Amino acid sequence: MGDSRNDSLAGLSNMLNSLKEIESYIITDMEGRIHMASTENYDENTINSSIYLWVTGSRFGGEFNMGEPANLIYYLKTRKMLVQKYNDYLIILNLIDIAKFPVFKRKLYDLFNRII
Amino acid sequence: MNQLMSNIKNIPGVVGVAIFKDNGELVAYDFPEAYDKKLLNLMGLKFQPIKEILPQEEGEIVYLCWEYEDLLAFYYPVGGGWVNIISGEDIPMPVFSLTMTAVANKLPKLLEEAEAPRARDEEPLAAETVENAIPREQLEELEKFFATYLGPASAVIFKRAANHLGYTLNNMPKAHLVDLLQCVLARVPGDKKDEVTEKIKEMSLDI
């Protein structure tokens with residue numbers, strides 16, 4: 001099981017590396033354990049706030065009968081981020097400034113469909 | 001206020017708009033009947049801690065948008081409060097951005113003057129929740145206890161655990177104390193876990 005998880009993460013990592021809109025990424029679980037990151041220069045606060053916002057969105061979706069979120073656009077004045085659920089992981093994607101969310105999401109989902 | 005809400009509501013695809021003050025108070029809304037006021041107050045409660053949670057170095061939020069199966073939920077902060085919007089997936093983003101920029105310019109002044117549209121006998125939901133929150137003294141006692149095993153990071157770990165459960169240490173409900181302790185216990189080194197569990201039981205806290 002451990003190996004298949006590692007294979008799955010390696011596949012995911014290769015896929016993310018192929019997208020030019022991604023500046024850096026962190027793959028974490030809901031407890032904040034980091035499973036993979038494209039940089040060692042990640043910020044704990046980013047991970048914590050992303051998880052907090054994800055939990056908030058999930059609860060909100062439950063209470064408003066909208067279900068689970070598929071992703072979260074986390075748009076700050078200084079950077080663009082997309083938080084994407086993938087199996088038991090949260091992928092926190094730090095995007096380049098010129099990335100367009102709708103275009104990027106389409107590309108990402110196309111790649112997800114290929115590796116599923 | 002009504003004019004601004006109407007401007008947002010007129011963006012194609014928008015289902016509902018709710019405007020809140022920073023303290024979580026609902027000041028105006030325009031939602032279909034299925035979304036009653038209690039539900040919208042709950043919305044305020046869910047989103048209120050966001051400004052507190054996000055660290056300064058994260059920079060200012062332009063907006064947050066959760067994508068659900070058929071709908072989008074936006075959180076758009078403004079000075080003194082925020083706006084929640086639920087819309088369809090086909091919302092035209094350039095129109096949304098332009099409208100919200102105008103709203104962000106005008107809303108802070110209106111929020112200062114606004115009063116909540118609340119019935120006289122209605123209890124504020126936020127107050128009720130804070131009343132049911134774990135007392136600060138109890139949390140400090142627990143942080144101090146865990147510091148023996150976790151070191152000075154104990155307070156940070158408590159804060160993080162609360163965030164992971166979708167709360168802050170100020171509004172963490174008493175009913176979730178066990179969940180909070182379990183999250184913190186997970187960070188205690190393996191050989192000390194049994195000892196900590198026993199000591200917590202001695203405090204009449206069952207985990």
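Values for this structure:
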{"read-out": "Which numbered condition B:GLU69 fails, given (1) within 10 Å of chain A (Cβ to nearest Cβ); (2) over 18 Å from B:ASN171 (Cβ atoms); (3) within 19 Å of the chain's Cα centre (by Cα)", "value": "(3)"}
{"read-out": "Residue match in the stretch A:97-106 (condition: within 14 Å of the chain's Cα centre (by Cα), under 23 Å from B:THR168 (Cα atoms) and surrounded by 13 or more Cβ atoms within 10 Å (Cβ to Cβ))", "value": "no"}
{"read-out": "Those residues of the stretch B:163-200 which are more than 22 Å from A:TYR52 (Cα to Cα) and either of a type in the set (Val, Ile, Thr) or buried (at least 16 other Cβ atoms within 10 Å of the Cβ) (or both), in sequence order", "value": "B:VAL196, B:THR197, B:ILE200"}
{"read-out": "Residue match in the stretch B:167-183 (condition: of a type in the set (D, E, K, R), outside the structural domain of B:LYS46 (by TED's automatic domain parsing) and in a loop (DSSP other than H, G, I, E, B))", "value": "no"}
{"read-out": "Filter result (closer than 15 Å to B:ILE134 by Cβ and among the acidic types (Asp, Glu)) within the stretch B:157-205", "value": "B:ASP179"}
{"read-out": "Failed condition for B:LEU98, given (1) facing chain A (nearest Cβ under 8 Å); (2) under 18 Å from A:PRO102 (Cβ atoms)", "value": "(1)"}
{"read-out": "One residue from A:GLY62, A:GLY11 being surrounded by fewer than 20 Cβ atoms within 10 Å (Cβ to Cβ), closer than 28 Å to B:ALA34 by Cβ and more than 7 Å from chain B (Cβ to nearest Cβ)", "value": "A:GLY62"}
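Here is a yes/no grid of residues against (1) without any contact (Cβ under 8 Å) to a residue 24 or more places away in the chain; (2) at the interface with chain A (Cβ under 10 Å from one of its Cβ atoms); (3) under 19 Å from A:PRO102 (Cα atoms); (4) under 18 Å from the mean Cα position of the chain (by Cα):
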residue: B:LEU26; (1), (2), (3), (4): no, no, no, yes
residue: B:ASP36; (1), (2), (3), (4): yes, no, no, no
residue: B:ILE53; (1), (2), (3), (4): no, yes, no, yes
residue: B:VAL62; (1), (2), (3), (4): yes, yes, yes, yes
residue: B:PHE74; (1), (2), (3), (4): yes, yes, yes, yes
residue: B:VAL78; (1), (2), (3), (4): no, no, no, yes
residue: B:GLY81; (1), (2), (3), (4): no, no, no, yes
residue: B:SER87; (1), (2), (3), (4): no, no, yes, no
residue: B:ASP90; (1), (2), (3), (4): no, no, yes, no
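Listed here are the residues, each with its yes/no results for (1) at pLDDT below 85; (2) polar (S, T, N, Q); (3) under 12 Å from B:LEU181 (Cα atoms); (4) surrounded by 16 or more Cβ atoms within 10 Å (Cβ to Cβ).
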residue	(1), (2), (3), (4)
B:ASP121	yes, no, no, no
B:GLU128	yes, no, no, no
B:LEU150	yes, no, no, yes
B:ALA161	yes, no, yes, yes
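The values are calculated or read from the model by the stated rules, or taken from the named source; none is laboratory data. Please read these numbers as outputs of a predicted model, since none were measured by experiment. Backbone-built Cβ (ideal geometry, glycine too); neighbour counts: all protein chains shown.
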